[in-house]
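Down below is the structure, laid out as C-alpha cells.
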Amino acid sequence: MDRAERAVLMRASVIGRRFHLEVLTETASCPEVLVRTALEHASDLQLIVEEDSAHEVFAFRHALTRDVIYEELTKGRIRPVHRRIARKLERMFLSGDAALDDLAYHAWSAGDVRRGVRYNELAGDRAAAVHAQEEARTYYGRARGLVPIESDADARLAEKLRRLGAAASSPSQ
C-alpha cells in the first residue's frame, strides 16, 4: 500500500475494528475516491472485509491487524482523529444513526471534556438501567476522569458509581 492508502487505513483503525465508510471518509482528510481505493486495496490484501455492503460497513479481518495498524499512529496524532470521529458520530447519533457507546469512547479518547462527560455519563446511565454494572462503571469512570476533582460533576458521577456498589475513590488515591 502506498503512503496515502496506509494513512486511510490508520484512520480506519482509530474508528475501531468495524467502521462505516461515511465516518471514515469524513475523518480521513482526503477525497472519497482515495478512501474507496485504499479500502479496495486493503481488501485485496485481506486486511479488511466488507461486512455490510448496503450500509458500507467494513471490518478488519482480525483484531490484531487493527491493533498493529493503530499502534503506528503517534499519540499526538491520535487525539485529533478521535475528535473528528466523535464529532461525526455525534451528528449521526443525534439523527439516530450511530451507537452511543462508540460516540462515548471516541469523545473520551479525544480528551473532549464536554462531549466525553456528556456521552459517557449517558452511556453509563443506559448501562445501569439494564443492570450492566461493569459497563456502567467503565463509562462513569471515563467521565469522572475528565472532570476536576471535587467538582459538582465529580460528585454526581461518584454518587452514580457508589450506587453501583463501586468503590468511588478519588483518582489521587
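The values are calculated or read from the model by the stated rules, or taken from the named source; none is laboratory data. Just so it is clear, the model here is predicted, and its values are computed rather than measured. Note that we place each Cβ from the backbone using ideal geometry, even for glycine, and neighbour counts take in every protein chain shown.
Worth pointing out:
- Helices (runs of 4 or more DSSP H) fully within the stretch 1-115 counting 2 or more residues that are closer than 26 Å to residue 143 by Cα and among the acidic types (Asp, Glu): 63-71, 100-109
- Scanning the stretch 30-66 for residues that are of a type in the set (A, V, I, L, M, F, W, C), without any contact (Cβ under 8 Å) to a residue 24 or more places away in the chain and in contact with a Phe, Trp or Tyr (Cβ under 9 Å, 6 or more places away or on another chain) gives a single hit, 49.
- Condition check for residue 118: at pLDDT 95 or above and assigned to a helix (DSSP H, G or I): yes
- Checked against (1) in contact with a helix residue (DSSP H, G or I) (Cβ under 6 Å, 6 or more places away or on another chain); (2) buried (at least 21 other Cβ atoms within 10 Å of the Cβ), residue 113 meets all criteria but (2).
- Residues (closer than 15 Å to residue 1 by Cβ and in contact with a Leu (Cβ under 6 Å, 6 or more places away or on another chain)) located in the stretch 39-57: 42
- Test: residue in the stretch 64-72 that is farther than 20 Å from residue 29 by Cα, among the β-branched types (Val, Ile, Thr) and out of contact with any Asp or Glu (no Cβ under 7 Å at 6 or more places or on another chain): yes
- Residue count for the stretch 77-109, restricted to those that are hydrophobic (A, V, I, L, M, F, W, C), surrounded by fewer than 21 Cβ atoms within 10 Å (Cβ to Cβ) and over 24 Å from residue 132 (Cβ atoms): 1
- Scanning the stretch 37-74 for residues that are over 21 Å from the mean Cα position of the chain (by Cα) and loosely packed, with under 14 Cβ neighbours inside 10 Å yields 40, 44, 45, 46, 53, 54.
- The one condition in (1) within 11 Å of residue 11 (Cα to Cα); (2) touching a strand residue (DSSP E or B) at 6+ places or on another chain (Cβ under 9 Å) that residue 27 fails to fulfil: (2)
- Residue 127 modelled with pLDDT of 95 or more, among the hydrophobic types (A, V, I, L, M, F, W, C) and farther than 14 Å from residue 15 by Cβ: yes
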